[in-house]
Each structure stands twice: as structure tokens, then as C-alpha cells.
Amino acid sequence: ESLAAGTPALISDQTPWRDFEKYGAGWVLPLNNMNNFIDCIESFYAADPEEKHLKRKKAREYAVNVNKNSITLKANQALFLRAL
């Protein structure tokens, strides 16, 4: 949802979504180093408006592409059904 709204996501490497950085849509970091999360947030906050705009655009593009991919949609549905 955040990606579809144009908000880059910062997630742990313990999720199935690990290609955010490859597509410029966000960051995937290990949970064992909280300083990485802090540094990432501070870096995005300090970025210039053009860089932030590009990151937001890439987040939206990523969300659109994921929503078009039926295999990804089925995998996400299965993930949530297992959680129930």
C-alpha cells in the first residue's frame, strides 16, 4: 500500500520482498543492526527533492508492476492466508 501511494518502503530482509533496492523502490535491511535503519531514514530525509521524487516514482512503478504479475499476487495471497 505504501508503494502504491508512492512511499518507498523500508523492510527487513526476513520478508519475501527482497528486490526493492534493485528497482529503486525502497530498502531491504537486516534486523540485526538498527543503525542501518536509522542511517537509511536519515539519508532519505536529507536527500534533495528531486532524488525523493524519483524514489517515490520508482515505488509507484514497482507497485504497478507487482499488481500486474499474477504469480506475485498469488504468492502474496498465500502468505496472508497462511498468517490467518
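The values are calculated or read from the model by the stated rules, or taken from the named source; none is laboratory data. Everything numeric in this text was worked out from a predicted model, so none of it was measured. Don't worry about glycine lacking a Cβ; one is built from the backbone with ideal geometry, like all the others, and counts go over all protein chains shown. Only protein heavy atoms, including side chains, enter the accessible area calculation; ligands, DNA and RNA are left aside. Shrake-Rupley method; radii C 1.70, N 1.55, O 1.52, S 1.80 Å.
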Response to the item:
Filtering region 62-73 down to residues that are within 17 Å of residue 18 (Cα to Cα) and either part of a helix (DSSP H, G or I) or open to solvent by 100 Å² or more (accessible area, probe 1.4 Å) (or both) yields 62, 63, 64, 65, 66, 67, 71, 72, 73
Discussion item. I'm trying to understand the selection: among the residues of region 1-51, which are part of a helix (DSSP H, G or I), touching a helix residue (DSSP H, G or I) at 6+ places or on another chain (Cβ under 8 Å) and surrounded by fewer than 15 Cβ atoms within 10 Å (Cβ to Cβ)?
Written reply: 23
Worksheet item: Do we find that residue 25 is at negative phi and at pLDDT 90 or above in this structure?
Response: yes
Worksheet entry | Qualifying positions in region 41-52 - within 15 Å of the chain's Cα centre (by Cα) and of a type outside the set (Phe, Trp, Tyr) | 41, 52
